[in-house]
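The values are calculated or read from the model by the stated rules, or taken from the named source; none is laboratory data. Quick caveat: nothing in here was measured; it's all calculated off a predicted structure. Please note: Cβ atoms are built from the backbone with ideal geometry, for glycine as well, and neighbour counts cover all protein chains shown. Accessible surface areas use protein heavy atoms only, side chains included; no ligands, DNA or RNA. Shrake-Rupley method; radii C 1.70, N 1.55, O 1.52, S 1.80 Å.
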Amino acid sequence: MIVRFPLRAVFVGVVLALAASAPAYAEEPNATPPASQPANDGATPSQPDDDAATPSKSTNDTATPSKPKVELNADLFYRLLLADVALQRGDLAVSARAYLDFARTTQDARFAERATEVAIASRDRTLVHDAADLWEHLDPNAERPKHVLAALEANNNTGAIPSTAANDELRGRIEHVLANAALTGAGVGDVFMQLNRLFSEQSDKHAVLSLVREVAKPYPKTPEAHYAVAVAAFGVGIDDATAAKEARDQIDKALELRPSWERAVILKADIVARDSPLDAIKTLETFVAANPDAKSAAGALAQRYVERKRFADARALMQKLWDRDRSSRDLEFAVATIALEMKDYPEATRLLADLKSAGYGEPGVIDLYLAQAAEETKQWSTAIEHYQAVTDGDRAWLSKLRIGALYGKEGKLAKAKQWFASLNAVTRDQKVQLNQAEAQLLRDAGDDAGAYDVLVRGLAADPDSPDLIYDLAMVAEKLDKVDEAETKLKHLISLRPDDAQALNALGYTLVDRTSRTDEGLGFIERAHKLAPTDPFILDSLGWAFYRLGRFDDAEHYLQQALDGRPDAEIAAHLGEVLWRKGEHDKARAVWKAQLDSNPDNTVLKETVKRFEP
């Protein structure tokens, strides 16, 4: 399993590993220790030989501290192992304390150094001070611990914790690359555009932002530098107002320097959308109006129209671009997919057939879209033919699953079961997907109990499959097994504590199916922090407030949800809240708007019937 450490932990772990600064402990002065192994494999903690040990760059080269000769007994071995394992797991405070304890016992300055750097990464002020103080005592000639202590003691002992030596080294390397790019004439723009991609897997987004901000400072006239800072600030998250403002300010500076930069305006729209999806659309509309040939920005605008179900606007925009360049198959494809979203199946099918005859796209892609159009028009046999034409890669497997579902649509339940039984699921994912498809087949046939049994068997073979746990919880709720649904969702959350959809499902179940509304609200609020713009989570949040009698709060979040995703069930909830507030005309308008486009939605129809029988 790949463990992703926070950014500071990665920097510290990598640099300390490269430095190989751990001393050798052996009964004989010249004994050679065994080669170090990864601590999480249960092997010996890192202990390279004396010749490999590299003195700290911060020490005086003419006065390297002596290495104490201490026998590595069982107790010391355990302490060192604990420190190494904790570091590899990203538990920096535990690691720093263990290294500090080891350094105190052995009186080895190199482990005091290691404890200091790991403590800095943990941002534990007391640990930093204690480790640096010991390091200075053990190696009076070292400059680094003096600088660390001075930084801490500044401003009446309120000084900022300094950055790790690893952070400084990485920043120095990036600055060197930028300087070389500037001198060679290649320009620094490409370097800045790669920065955030390099750090995309790091969990400490604040550390990434700090680093990118520092290396960008010398390049105030470079739009890519401001873009890189904006991306890093945007990555910090919606809860940090300061970072959110920095993201907006930096992308505005990038656009001031390069007003027609499509990539920058697309990022600006993403940033603005966190507060207002409508303002994001306005941002792109203004840009596209001023830059009519900006295909990428127009595509981003069309996508936002689609998200808002403004299909006609999206189609008109892409059609206008295609009319200017009829040779563009990409634009034809965009028009075709929007026509599909608009349920203009004849036009979508016509365009997709033309694209297929022209050999557009990767093998099977157009057939998948044609199959979708056929499904939507209930041309089951035609859809099956298109799915059968998909023979490459993951698309082929997913197409096989759809074929089984379509046999069910044709009323051939036995044939569908036989088809699924004939499929050879090889990977874990395929086995899970096959189990889900079989369960969905039965749910579509109205057999929730049969679907439940299928999912129970699937979980017996793969007890910790998040997808199967989630599906079983949803079916259990349909069967009024609310306690089991709750148990399954809590198990899923124990496996994935940050699974916003699982938190939302549990919260909504408690709000809608039990009297534990406050408890349910707590889970929904956790989901909201993880996915603050998710329309379905906003819907759950609004519904919880409605159940608590907080009608204004309910209306606020339900309106946000409906703005983000025009949806029949969200409209049903919002209309009910408005009706309870006495705003009957507004409620009717909300319901009517969705009934016009979703006349068969059961939840919406039942809601309207309850209030206007």
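Overview of values
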{"read-out": "Condition check for Ala115: at pLDDT 80 or above and either open to solvent by 30 Å² or more (accessible area, probe 1.4 Å) or assigned to a helix (DSSP H, G or I) (or both)", "value": "yes"}
{"read-out": "Top-ranked residue of the range 568-613 - restricted to ones that are buried (at least 20 other Cβ atoms within 10 Å of the Cβ) and of a type outside the set (A, V, I, L, M, F, W, C), ranked as nearest to Gln303 (Cα to Cα)", "value": "Gln594"}
{"read-out": "Odd one out for Gly411, checked against (1) touching a Leu at 6+ places or on another chain (Cβ under 8 Å); (2) not in a helix (DSSP H, G or I)", "value": "(1)"}
{"read-out": "Meets criteria (open to solvent by less than 30 Å² (accessible area, probe 1.4 Å) and farther than 22 Å from Ile493 by Cα) for Phe551", "value": "no"}
{"read-out": "Looking only at the range 333-358, and only at residues there that are of a type in the set (Val, Ile, Thr) and open to solvent by 20 Å² or more (accessible area, probe 1.4 Å), the one that is nearest to Val306 (Cα to Cα)", "value": "Thr337"}
{"read-out": "Matching entry among Thr286, Thr242 (being open to solvent by 70 Å² or more (accessible area, probe 1.4 Å), within 26 Å of the chain's Cα centre (by Cα) and among the polar types (S, T, N, Q))", "value": "Thr242"}
{"read-out": "Boolean, Asp367 is open to solvent by 70 Å² or more (accessible area, probe 1.4 Å) and under 31 Å from the mean Cα position of the chain (by Cα)", "value": "no"}
{"read-out": "Residue within the range 515-524 that is under 21 Å from the mean Cα position of the chain (by Cα), modelled with pLDDT of 95 or more and closer than 15 Å to Ala561 by Cβ present", "value": "yes"}
{"read-out": "Any hit, the range 398-417, residues being open to solvent by less than 50 Å² (accessible area, probe 1.4 Å) and on the phi > 0 side of the Ramachandran plot", "value": "no"}
{"read-out": "Residue within the range 255-275 that is open to solvent by 70 Å² or more (accessible area, probe 1.4 Å), of a type in the set (Asp, Glu), farther than 27 Å from Ile120 by Cβ and assigned to a helix (DSSP H, G or I) present", "value": "yes"}
{"read-out": "Any hit, the range 218-231, residues being touching a residue at least 60 places away in the same chain (Cβ under 8 Å) and not aromatic (Phe, Trp, Tyr)", "value": "no"}
{"read-out": "Pick from the range 118-143, criterion within 20 Å of Ala93 (Cβ to Cβ) and open to solvent by less than 10 Å² (accessible area, probe 1.4 Å), ranking: farthest from the chain's Cα centre (by Cα)", "value": "Trp135"}
{"read-out": "Tabulated pairs, the range 552-581, first closer than 20 Å to Ala280 by Cβ, second not in a helix (DSSP H, G or I), C-beta under 6 angstrom, 6+ apart or interchain", "value": "Pro566/Lys309"}
